[in-house]
Amino acid sequence: AAMVQKYQSPVRVYKHPFELIMAAYERRFPTCPLIPMFVASDTVNEYKSEDEAIHVIERRCKLDIDAPRLLKKIAGVDYVYFVQKNSLNRRERTLHIEAYNETFSNRVIINEHCSYTVHPDNEDWTCFEQSASLDIKSFFGFESTVEKIAMKQYTSNIKKGKEIIEYYLKQLEEEGITFIPRWTPPVACKSESSTSHPRRPVSPAINIPESATKEGLSNKEILNTSSSPSEPTAGTPDDKLDADYIKRYLGDLTPMQESCLIRLRQWLQETHKGKIPKDEHILRFLRARDFNIDKAREILCQSLTWRKQHQVDYILDTWNPPQVLQDYYAGGWHHHDKDGRPLYVLRLGQMDTKGLVRALGEEALLRYVLSINEEGLRRCEENTKVFGRPISSWTCLVDLEGLNMRHLWRPGVKALLRIIEVVEANYPETLGRLLILRAPRVFPVLWTLVSPFIDDNTRKKFLIYAGNDYQGPGGLLDYIDKEIIPDFLSGECMCEVPEGGLVPKSLYRTAEELENEDIKLWTETIYQSASVFKGAPHEVLIQIVDASSVITWDFDVCKGDIVFNIFHSKRSPQPPKKDSLGAHSITSPGGNNVQLIDKVWQLGRDYSMVESPLICKEGESVQGSHVTRWPGFYILQWKFHSMPACATTNLPRVDDVLASLQVSSHKCKVMYYTEVIGSEDFRGSMTSLESSHSGFSQLSAATTSSSQSHSSSMISR
């Protein structure tokens, strides 16, 4: 299988004139002590023009390549020969170098091209560029070894190249040579061309567009230096990356990484219509795919299409978040961390995600998160300028104080997962660090739901602190300066982030409104509806194989008041009888009603109650969970709640009478959802769920407090 690899170096700028660089370069031959593997070189061919402006020299170079002895033995060679052809044009002030391998040329084809040219903005500076291609057709089954050797060779060549030129420049200086005059045409043949174009080669140095120099990309290079100045193509040369710019704005990259960046960027310039992302953003996609250029290109293209579809480039300028978000979304930017990364603070525990989704729908929430990410990219750029070093990611501080079962509301978690997915796909490698503070006991459940959607690289950046651990050693102070620790984390810095709080139900949009916006969130099929009648509760069976699983539930009481119970039985109840009521109603979503507990079963003998009964009023949302102690059958039951008469007089109280009138036809309605989470998903944190009588600390007054209970339910009114 042939594999053609291509490499491209950034532009390296020497702040010395071309002629001096040439004098330094010539000293590499015939051998060079700085390149031990460059054993010898012989001149094979040479040509000089009469006026000495053109000098072409072809050499055969003998290399002692650093390869395993076994490989040399199999290949039957000790040395590898390359042919190198240098074409110097003193008039144009360019040197082009072409090299290819002579040894094994039928098995491996290596081509290298280098050029030294005058810097387009400054005729006393010189630019160097190098590209190479490697095509391995076959090599005794050692193709990948050869590829590795070649890549290593290329990398060290690039690294060494600069050192060598600088070494000989210094040598020249020590000998008192600091200036070498430019080539001038011999006086004898004073042709009209030399008078009409004094120092012609400099002319195509062309005005660089203002924007480019600002960006720090002033080192543009013109390959067609020989083209006449009038040619329109020369107006804005393809901008190229130079080595100093990469170091300053993008960081320390290996030659291979630089090559990937340059090639991907070049590909975008040639093929992509529309806005081309900034270099640091292209680099993020390469990092996310370990510099596999094809994989990176694929995800980058998907992201660019997505950006165009959703007009993401304009989101910061054109989109105003709805007031509800500005008031209740408890997140915001807050200075920067110790590494100079922008810091985003999110008080997730204080935030009513359920309320926000109900009031806004998922779309607006996603849009808001995207605008936060866009702002993050902008701040990284800003901080890169301010701190004088590349900053390409931000730090996120998430405070979970106040997190409870309400945050596990399924559509809310679903919205969160979708948001994470979109962000992972389009803003890779932007999260430098995630500090999760004051993680409560419910956190493992949330983490279980969310973590599969998070990229492994990203997951390594998470630091999780329970309780007040963040104040101890290895805590927040390691990452954030004392002066900017926010007040709500007992710091001294006023933090402008909104407090969050419950979104008023008056702001909720109805299922119809959400439906019209194509968001089937609220009516999603994961919720089932059930009717509960006097004398006919609705029951759901859950079979547990593995003791210490967790049953979770989430229901809204749409109409009437009900009592919620959970029972355990060792034997399976009979499948529900198809009675007249059940027969037609099981199928109709409006009135699902199933009884499982046999009339002859006795509580305490055939089945047992594992939770205290919970009374739930009309309009309440209830969430809870139960850690199962035994395998077997668990039954969740919603039962009609009948008002007890007033104990002292035995006469019904006025509000009881009103209440019973309200519940027309003694029918209640519930929308519910249940799920079992396996204990292995808790990653060993089951004990934290069980350690107090209520699985989750301080949830609300409604938490059941019977000592045998391992559960908690939370009601949000």
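The values are calculated or read from the model by the stated rules, or taken from the named source; none is laboratory data. Only a predicted model underlies this, so the values are computations on that prediction, with no experimental measurement involved. As a convention, Cβ positions derive from the backbone with ideal geometry for all residues, glycine included, and neighbour counts pool all protein chains shown. SASA here: full protein model, heavy atoms, side chains in, ligands and nucleic acids out. Shrake-Rupley method; radii C 1.70, N 1.55, O 1.52, S 1.80 Å.
My understanding is that a pair violates if its Cα-Cα distance is over 28 Å; which of LYS159/LYS240; LYS247/LYS295; LYS273/LYS338; LYS62/LYS162 do that in this structure?
From LYS159/LYS240; LYS247/LYS295; LYS273/LYS338; LYS62/LYS162, over 28 Å: LYS273/LYS338.
Find out how many positive minus negative residues lie around THR395, taking Lys and Arg as positive, Asp and Glu as negative, among other residues whose Cβ is under 10 Å from that of THR395. Please report the intermediate quantities before stating the final value.
Details: positive: LYS338, ARG341, ARG433, LYS461; negative: ASP337, ASP339.
Charge balance in the 10 Å sphere: +2.
Relative contact order, percent, of region 316-506 when contacts are C-alpha pairs under 8 Å separated by at least 6 residues? Display every interim value, and only then the final one.
Details: 302 pairs, mean separation 55.2, N = 191.
Normalised by residue count, the contact order of region 316-506 is 29 percent.
Taking Cα atoms of region 266-356, Rg/Rh with Kirkwood Rh, to two decimals? If you can, show how the numbers build up before the last one.
Details: Rg = 17.4 Å, Rh = 16.3 Å.
Dividing the radius of gyration by the Kirkwood radius yields 1.07.
Per residue of region 274-288, in order, report the coupling 6.51 cos²θ - 1.76 cosθ + 1.60 (Karplus, θ = phi - 60°) as ³J(HN,Hα) in whole Hz, putting x for Gly and Pro.
Couplings: x, 6, 8, x, 5, 3, 5, 6, 4, 4, 4, 5, 5, 4, 5 Hz.
Computed over the Cα atoms of region 243-310, what is the convex hull's projected area averaged over all directions, in nm²?
On the way: hull surface 17.9 nm².
Seen from a random direction, the Cα hull of region 243-310 projects 4.5 nm² on average.
Report, by chain and number, residues whose modeled amide H sits under 5 Å from the one on LEU596, excluding near sequence neighbours (fewer than 5 apart, same chain).
Amide H neighbours of LEU596, under 5 Å, 5+ apart: GLU539.
Please report, to one decimal in angstroms, the Kirkwood hydrodynamic radius of region 5-175 built from all distinct Cα-Cα pairs.
Working: mean 1/r = 0.0581 Å⁻¹.
It is 17.2 Å.
What is the packing order of peptides 487-494, 81-88, taking the mean over residues of other C-beta atoms within 10 Å and listing the highest first?
Numbers: 487-494: 13.4, 81-88: 17.6.
In decreasing order of mean packing, 487-494, 81-88 become 81-88, 487-494.
Taking a ≥ b ≥ c as the square roots of the Cα gyration tensor eigenvalues, with a/c under 1.5 meaning rounded and otherwise prolate when a/b beats b/c, else oblate, which class fits region 316-506? Don't skip to the answer; put the middle values down first.
Working: a/c = 1.39, a/b = 1.18, b/c = 1.17.
It comes out rounded by the Cα gyration axes.
In nm², what is the average projected area of the convex hull enclosing the Cα atoms of region 1-67? Walk me through the numbers on the way to the answer.
Working: hull surface 30.7 nm².
Here the figure is 7.7 nm², rounded to one decimal.
From largest accessible area down, sort TRP394, TRP125, TRP630; use a 1.4 Å probe on the protein chains. If you can, show how the numbers build up before the last one.
Working: TRP394 20, TRP125 70, TRP630 110 Å².
In descending accessible area the options line up as TRP630, TRP125, TRP394.
Order 167-173, 309-315 from most to least packed using the mean count of other Cβ atoms within 10 Å. Display every interim value, and only then the final one.
Numbers: 167-173: 15.9, 309-315: 13.6.
For the peptides 167-173, 309-315, the packing ranking is 167-173, 309-315.
Where Lys and Arg each count +1 and Asp and Glu each count -1, what net charge lies around ASN457 among other residues with Cβ under 12 Å from its Cβ? Please report the intermediate quantities before stating the final value.
Values: positive: ARG284, ARG287, ARG289, ARG459, LYS460, LYS461; negative: ASP290, GLU424, GLU429, ASP455, ASP456.
Net charge in that neighbourhood comes out at +1.
Could you name the lysines in cross-link range of LYS667, using Cα to Cα under 17 Å and dropping any fewer than eight places away on the same chain?
Reachable lysines: LYS534, LYS559, LYS617, LYS639.
Quick check: the distance between the Cα centres of region 239-291 and region 421-476, to the nearest angstrom?
First find each Cα centre; the distance between them is then 29 Å.
If you bin every alpha carbon distance in region 30-120 into 5 Å steps from zero, what whole percent lands in each bin?
That works out to 3, 12, 18, 21, 17, 13, 7, 4, 3, 1, 0, in percent per bin.
Could you give me the ³J(HN,Hα) list for region 386-401, computed from phi with Karplus coefficients 6.51, -1.76, 1.60 and θ = phi - 60°, whole Hz, x at Gly and Pro?
5, 8, x, 8, x, 10, 10, 9, 10, 10, 10, 10, 10, 9, 9, 3
If you take the C-alpha gyration tensor of region 422-493, multiply each eigenvalue by 5 and take the square root, what semi-axes do you get, largest first, in whole Å?
Semi-axes from the Cα gyration tensor: 24, 16, 10 Å.
Compute, for region 316-506, the length of the dipole vector about the Cα centre, with Cβ point charges of +1 (Lys, Arg) and -1 (Asp, Glu) only. Units Debye, rounded to 20. Display every interim value, and only then the final one.
Details: 22 positive and 26 negative charges, 123 e Å.
That gives a dipole near 600 debye.
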